[in-house]
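Taken together, the values in this text are just the output of simple stated rules run on the coordinates, not laboratory data. Because the structure is predicted, anything quoted here is derived from the model rather than measured.
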């Protein structure tokens, strides 16, 4: 591993970010975010307070978005990590609202539960909101994180600790996806 994360400024333009948010808002299935606790996915507002929607890779409206994220992730993996990656199946659209004290405490994205052959190996996060539209909501990583602007992406190993600090004003929107692969050996 050559570095802990890779930052790509302006992977998406502000207009593209607004279009992604507008499209996500039309999709059904918004719910309180879940966290993995003792092998089960549960709502835990002390750990995470946000709303999420899932968008599957098969959604033709976001083909270009998936392609750009996959190209970025594969390049980062090739240059820095060399993980055995097999798929990039879904995107999670997340909203953190100030009035709900939206946040996501320190965590890792690995989801190895023992009964799944593939787990999250490489995480990719894109800030969809303009940082001027919300307060707080900083993306932080244990080994340091870039100051994200609207449309910026960051990729990092899914076992790397990170968080979103509490949002104090407005709404912070982001998009995350995970490259899956077999267990590390």
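Listed values, structure above:
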| quantity | calculated |
| --- | --- |
| Label of the coordinate-derived value, Rg/Rh (Cα atoms, Kirkwood Rh), listed as (i) 0.93; (ii) 1.48; (iii) 1.08 | (i) |
| Highest-fluctuation residue, 162, 31, 103 considered, GNM on the chain with Cα pairs under 10 Å | 31 |
| For the chain: relative contact order, % (alpha-carbon pairs under 8 angstrom, 6 or more apart) | 31 |
| Highest-MSF residue in the chain out of 59, 18, 32 [GNM, Cα springs under 10 Å] | 59 |
| Cα centroid separation, region 76-98 to region 129-165 (Å) | 14 |
| GNM top mover of 14, 60, 45 - the chain, alpha-carbon springs below 10 Å | 60 |
| Cα gyration tensor shape of region 1-51, rounded if a/c is under 1.5, else prolate or oblate by comparing a/b with b/c | oblate |
| Shape of region 128-185, Cα gyration tensor, a/c cut at 1.5 | prolate |
